[in-house]
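This report concerns only the one structure given below.
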Amino acid sequence: MRFRPWSRRAFLKASAASAAGALFAGPLRGAAPPASAVTPALIEAARKEGKVSFYSALELNVAERVARTFEAKYPGIAVRVERSGAERIFQRIAQEQGSGIKAVDVANSTDMAHYLDWKKNDWLEPYLPEEVAKHYPADQVDPDGTYATVCAWIEAIGYNTDLVKREEAPKGYADLLDPKWRGKIVKAHPGYSGAILTTTYILSRDLGWEFFEKLAQQKVMQVQSAADPPKKVLLGERAIMADGNDYNLVLLKDQGKPVEVVYPAEGSPLIIVGSGIFRGAPNPNAAKLFQSFFLGAETQQMLVDTYAHRSFHGQVKEKGAHIPLSALKLLKSDPAKVQEQSEAIKARYAKLFGV
């Protein structure tokens, strides 16, 4: 999946004139930066700054674990985690940049279109950690070094095994339309979650909007985050989830909880999660150190082992019996087209589901 430069309509129509000029500027391209090692000088400079601001669309417990692990490795540098849904993070950064506020050091998002927008606006600082240059596939790294894939996961179907027999469980998206699941399904919202926005784009492309029109007739419980459907299924508030992060169910199943993940017969939407440093970051050295740590083998293996996320780091191993990406039929998105259709997708979805 090669990320390509593209144009984006301004998210906020009421931007200041100077910000509007940046939003509609042409893509900036330059030579990729040299690979940067973590040196004593970088660590010392980061400690002098003493803090780093991390905007994250990862679940709060994951983002906080990354932050606290970084603080333990580099005493004297505090990480401030600002966690929200990817679409909310995007809006916040747009507002801050439009007002001339430099508050974010490092941001990660589940909507890769955001990085293309931020890069086009010249808001991202090129930085290529040495481990990324050595151990990541080229298609998971921006050619200009402004962002890289920090992890990935699948948006899946799932069910509560106390409420649904295995032989009766849905095998794919078409099965969700069976009248027997009416009032028993939960799903997340593309207006909040970047992962669900991407998933909605993929499924509307591959299955057509007719699928969502029929699904909306199933009296679906609507929640915000892609992390919420697995929780509702675990609690028995709904028997089936139409979408949600696969890793939540994988972790619950590992703990012996009555849940099962289903990788749909039609294919599984792959969610790529990026990370990048912002130009003019208030703590530039701490930001570089944090980005190197985030994408390094130690943190990547922790994300895989502890949270069942997927890593593209060449030295990181999949945990135990967890199904590797290579064994799944993956449905991949095009960030440029997600952006082109994002507002229309959100509006059409909201109208169909009445939320």
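For this structure, a couple of remarks:
- Index of the failed condition, ASN248 passing every other in (1) in contact with a Cys (Cβ under 9 Å, 6 or more places away or on another chain); (2) closer than 20 Å to THR199 by Cα: (1)
- Every residue from region 294-313 that is touching a Phe, Trp or Tyr at 6+ places or on another chain (Cβ under 7 Å) and not aromatic (Phe, Trp, Tyr): THR299, ALA308, HIS309, ARG310, HIS313
- First in region 295-316 and within 23 Å of ASP142 (Cβ to Cβ), second anywhere and aromatic (Phe, Trp, Tyr) and in a helix (DSSP H, G or I), Cβ under 9 Å, 6 or more apart: THR299/PHE70; THR299/PHE293; GLN300/PHE294; HIS309/TYR247; ARG310/TYR247
- Any pair with Cβ under 8 angstrom, 6 or more apart, that starts in region 231-259 at a residue that is on the phi > 0 side of the Ramachandran plot and ends at one that is surrounded by fewer than 21 Cβ atoms within 10 Å (Cβ to Cβ) and not in a helix (DSSP H, G or I): GLY236/ASP162; GLY236/LEU163
- Of all residues making up region 103-154, the number that are in a strand (DSSP E or B) and not hydroxyl-bearing (Ser, Thr, Tyr): 14
- In this structure, SER275 does not qualify as within 29 Å of LYS219 (Cβ to Cβ), among the hydroxyl-bearing types (Ser, Thr, Tyr), touching a helix residue (DSSP H, G or I) at 6+ places or on another chain (Cβ under 8 Å) and buried (at least 21 other Cβ atoms within 10 Å of the Cβ).
- Scanning region 92-102 turns up one or more residues that are polar (S, T, N, Q), outside any helix (DSSP H, G or I) and more than 15 Å from the chain's Cα centre (by Cα).
- Screening region 329-349 for residues that are surrounded by fewer than 21 Cβ atoms within 10 Å (Cβ to Cβ) and of a type in the set (Gly, Ala, Ser) and picking the one that is nearest to SER204 (Cα to Cα) gives ALA344.
- Within region 68-116, the set of residues being surrounded by 20 or more Cβ atoms within 10 Å (Cβ to Cβ), under 15 Å from ALA287 (Cα atoms) and not aromatic (Phe, Trp, Tyr) comprises ILE77, VAL79, VAL104, ASP105, VAL106, ALA107, ASN108.
- Looking only at residues of region 159-194 that are of a type in the set (Phe, Trp, Tyr) and within 22 Å of LEU328 (Cβ to Cβ), we find that the one that is surrounded by the most Cβ atoms within 10 Å (Cβ to Cβ) is TYR159.
- Some residue of region 116-123 being at pLDDT 95 or above, among the hydrophobic types (A, V, I, L, M, F, W, C) and not assigned by TED's automatic domain parsing to the domain that holds LYS257: yes
For (1) within 17 Å of the chain's Cα centre (by Cα); (2) assigned by TED's automatic domain parsing to the domain that holds SER204; (3) under 20 Å from ALA156 (Cβ atoms), each residue gets a yes or a no:
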position	(1), (2), (3)
GLN291	yes, no, no
GLN300	yes, no, no
GLY314	no, no, no
LYS332	yes, no, yes
LYS337	yes, no, no
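- Residues (surrounded by fewer than 17 Cβ atoms within 10 Å (Cβ to Cβ) and of a type in the set (Phe, Trp, Tyr)) located in region 195-209: TRP209
The values are calculated or read from the model by the stated rules, or taken from the named source; none is laboratory data. Predicted, not measured: the structure shown is a model, and the values here were computed from it. Glycine also receives a Cβ, built like all others from the backbone with ideal geometry; neighbour counts cover every protein chain displayed.
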